[in-house]
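Undergrad: This is the structure I want to talk about, given as structure tokens.
The values are calculated or read from the model by the stated rules, or taken from the named source; none is laboratory data. Remember, predicted model here, so these are calculated numbers, not experimental data. Counting neighbours? That spans all protein chains shown, and the Cβs are built from the backbone with ideal geometry, glycine included.
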Amino acid sequence: MSVEQRTVNDVTILDVKGRVTIGEGSVELREAVRNALNGGAKKIVLNLSGVTTIDSSGVGELVSSYTTTSNQDGKLKLINLPSKVQDILMITQLITVFETYDSEAEAIESFS
């Protein structure tokens, strides 16, 4: 799994690619979000278009990242959810917790 960070205006975009699963994937996601927060980011968008697989550990890490960001007066939003990820969030009712968008532009605009 890999996470690339970029900034558009004052929004930090984390492009997540690969498997967000127990072990390496969930740890990399956690570190990427924490590094962004430590760097002063308050508006974070997770671009999940490149996610191929997510397991319960990965879903737990999404929730943990959301909580950590909220506790630091930030906002975390999700974009480009693959159907597998969207299905899991619907089944677990977590879709009601996260703000999700179909495009990066929509997510960035939603911060204003």
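Undergrad: Within the range 41-108, which strands (runs of 3 or more DSSP E) (wholly inside it) include 2 or more residues that are of a type in the set (D, E, K, R), within 15 Å of residue 13 (Cβ to Cβ) and at pLDDT 95 or above? Explain how you work it out, then say what you get.
TA: Numbers: elements: 43-54, 75-79, 99-101.
Result: 75-79.
Undergrad: Residue 22: touching a Gly at 6+ places or on another chain (Cβ under 7 Å) and outside any helix (DSSP H, G or I), yes or no?
TA: no
Undergrad: OK, next. Checking the condition on the phi < 0 side of the Ramachandran plot and touching a residue at least 24 places away in the same chain (Cβ under 8 Å), which residue from 69, 96 passes?
TA: After ruling out the rest, the residue left standing is 69.
Undergrad: Condition first: closer than 12 Å to residue 1 by Cα and among the polar types (S, T, N, Q). Can you find one or more residues in the range 58-70 that meet it?
TA: no
Undergrad: When you scan the range 42-58, how many residues do you find that are over 10 Å from the mean Cα position of the chain (by Cα) and either under 19 Å from residue 88 (Cβ atoms) or crowded, with 22+ Cβ neighbours inside 10 Å (or both)? Lay out the reasoning, then the answer.
TA: To start, the set of residues in the range 42-58 that are over 10 Å from the mean Cα position of the chain (by Cα) comprises 42-43, 49-58.
Going one step further and asking which of them are either under 19 Å from residue 88 (Cβ atoms) or crowded, with 22+ Cβ neighbours inside 10 Å (or both), we end up with 43, 49-58.
Going through the range 42-58 one residue at a time, the tally reaches 11.
Yes or no, residue by residue, for (1) touching a residue at least 60 places away in the same chain (Cβ under 8 Å); (2) exposed (fewer than 14 other Cβ atoms within 10 Å of the Cβ); (3) farther than 16 Å from residue 108 by Cα; (4) not basic (Lys, Arg):
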position: 2; (1), (2), (3), (4): no, yes, yes, yes
position: 9; (1), (2), (3), (4): yes, yes, no, yes
position: 15; (1), (2), (3), (4): no, no, no, yes
position: 24; (1), (2), (3), (4): no, yes, yes, yes
position: 30; (1), (2), (3), (4): no, no, yes, no
